[in-house]
Amino acid sequence: MVTNRRPTAPLRAIGLHQAFGIMKILLGFGLGVLAVAALVFGYFLTGMAPVAAGAAPMPFERYLAGKALHVAIARGAPQDVPIQPTEDSLRAGADTYRQECAVCHGLPGQPKSNIAAGEFPAPPQLWQGKGVTDDPPGETFWKVQNGIRLTGMPGFGKTLSTTQMWQVSLLLANGNNLPDTVKALLSRPYSIDGPK
Ligand code: HEC
């Protein structure tokens, strides 16, 4: 008896109908993907995407870049801080900061450099407001070591020692509670642009 293995005529008809339905959905999906790809390529190839440092951000640029950075840091930032924020290490951090970071991130009570003023995205002025005192030092360490791609934030993993990167990270984490000697160091006049 083979009869009840094979679908009856009406069932076969529904099967064919469904198959067409699925093909239509797939075709629609494929065309949709192509259309989005064409729009994205068009946006970049016709020069509509912003390229000047002073231009407004791309749609979703800040959101997507922020999300990606957040996930990378959550995965990669060290939890344990290997050195203590002693006065000596904070002073060493302040030396490194003046030399490597102040040009972009500023110093307490001193004007922004021309370099900082012309960058996109703008480097946050770390001595205004709370700076990054509410970020775990491991997060700042990650940023200093790796940099932040497609921003002006350099990675210092190949140029500073691990100790120097921790010292500067601890300096920033304790930015609202620094010993006077360290504050004095940071307040020494600094200008890469010459007298203003
Ligand atoms: C050439 C400019 C430049 C230099 C030099 C520089 N940075 Fe940055 N930094 C940036 C920019 C631009 C950003 C913002 C990136 C973004 O928008 O995500 C940034 C972001 C940061 C952040 C994150 C701030 C926040 O609000 O989350 C920290 C922390 C930081 N930098 C620390 C440092 C330290 C420490 C140094 C020196 C060792 C340094 N940076 C040197 C340009 C610079």
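Where a number appears in this text, it was derived from the coordinates with a stated rule and is not lab data. Everything numeric here is computed off the predicted structure, so don't read it as measured data. Backbone-built Cβ (ideal geometry, glycine too); neighbour counts: all protein chains shown.
Toward the positive end of the charge dipole of the chain, about the Cα centre and with charges on Cβ (Lys, Arg +1; Asp, Glu -1), which of 48, 92, 194 goes farthest?
The residue sitting most towards the positive pole is 48.
Between residue 51 and residue 33, what is 0.36 nm times their sequence separation minus the Cα-Cα distance? Round to one decimal in nm.
Values: separation 18, 0.36 × 18 = 6.48 nm, distance 2.57 nm.
Here the segment from residue 51 to residue 33 would lengthen by 3.9 nm.
Take the alpha carbon atoms of the range 146-196, find their center, do the same for the range 105-144, and report the distance between the two centers in whole angstrom.
Centre-to-centre (Cα) distance: 9 Å.
Within the range 118-193, list the trypsin sites (Lys or Arg not before Pro) lying in a DSSP loop whose Cβ has at most 12 other Cβ atoms in a 10 Å radius.
Working: sites: 130, 143, 149, 158, 183; in loops: 130, 149, 158.
Qualifying residues, ordered by number: 130, 149, 158.
Taking the Cα centre of the range 101-176 as the origin and placing charges on Cβ (Lys, Arg +1; Asp, Glu -1), which of 126, 174, 153 is farthest toward the positive end of the dipole?
The one lying farthest along the dipole's positive direction is 153.
Dipole magnitude of the range 61-187 about its Cα centre, charges +1 at Lys/Arg Cβ and -1 at Asp/Glu Cβ only, in debye to the nearest 20?
In total the dipole reaches around 360 debye.
Lys/Arg Cβ at +1, Asp/Glu Cβ at -1, dipole of the chain taken about the Cα centre: which of 59, 142, 107 is farthest positive-ward?
59
Rg and Dmax in Å for the chain, alpha carbons only: what are they?
27.7, 101
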